[in-house]
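Bear in mind these aren't lab numbers, they're just calculated from the coordinates by the rules spelled out. For clarity, every value in this text was computed on a predicted model and none was experimentally measured. Here the Cβ positions follow ideal geometry from the backbone for every residue, glycine too, while neighbour counts run over all protein chains shown.
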């Protein structure tokens, strides 16, 4: 699948939103705060997309479906690092960085809670989410190289200019 190709699950979720299928989205939202794959109301919407390797994909699919139902605004590009960076302001940068760092450090078992908070925050700021990329990233979250977390960090902090202080630390011997 190319980076531009929309995953069938994401396309289906977007169709539910486009058709204003509030019942389906409400069923999917019932998965928020619950372990992925444990809410029976979600099965009819997610199970058709799991296929033979369900165990490998199940958690990510159920989590993304529930999060999408919470904030069905879609972006074509970017990852969670870029989306969170889009909310950065001068005043709230420290709190945002703490929130984002906690998300990056989250263990896979705790990720649903951290992502629910992050998506709620993005919703409050009217920042859309690249659901296709999030689904792909969640399937690799537990990789030992932590390449997803590193990519999100680059997207969040990479485009920022370092602020030069008034004092030169080399002159102070630091």
(request) Please list 74-84, 34-44 highest first by mean number of surrounding beta-carbon atoms within 10 Å per residue. (result) 74-84, 34-44
(message) If I model a spin label as a point 7 Å beyond the Cα along the Cα-Cβ vector, how far apart are those points for residue 11 and residue 93 in nm?
(response) 4.2 nm
(message) Rounded to whole Å, give me the distance from the Cα center of region 3-56 to that of region 92-140.
(response) 18 Å
(message) Can you show me the helix-derived [θ] at 222 nm for the chain, built from DSSP H runs with n ≥ 4 at -39,500 (n - 2.57) apiece and divided by the number of residues, rounded to the nearest 500.
(response) -16500 deg cm²/dmol
(message) What is the angle, in °, between the Cα long axis of helix 8-18 and the longest principal axis of the Cα atoms in the chain? Nearest 10 is fine, range 0 to 90.
(response) 80 degrees
(request) Provide the FRET efficiency to the nearest 0.05 for the residue 21-residue 86 pair, computing r from the beta carbons and using R0 = 25 Å. (result) 0.35
(request) State whether the chain is rounded, prolate or oblate according to the following rule on the C-alpha gyration tensor (a ≥ b ≥ c being the square roots of its eigenvalues): a/c under 1.5 gives rounded; otherwise a/b larger than b/c gives prolate, and the remaining case gives oblate. (result) prolate
(message) Please compute the length gained on full extension between residue 126 and residue 43, using 0.36 nm multiplied by the number of residues separating them and subtracting their Cα-Cα distance.
(response) 27.0 nm
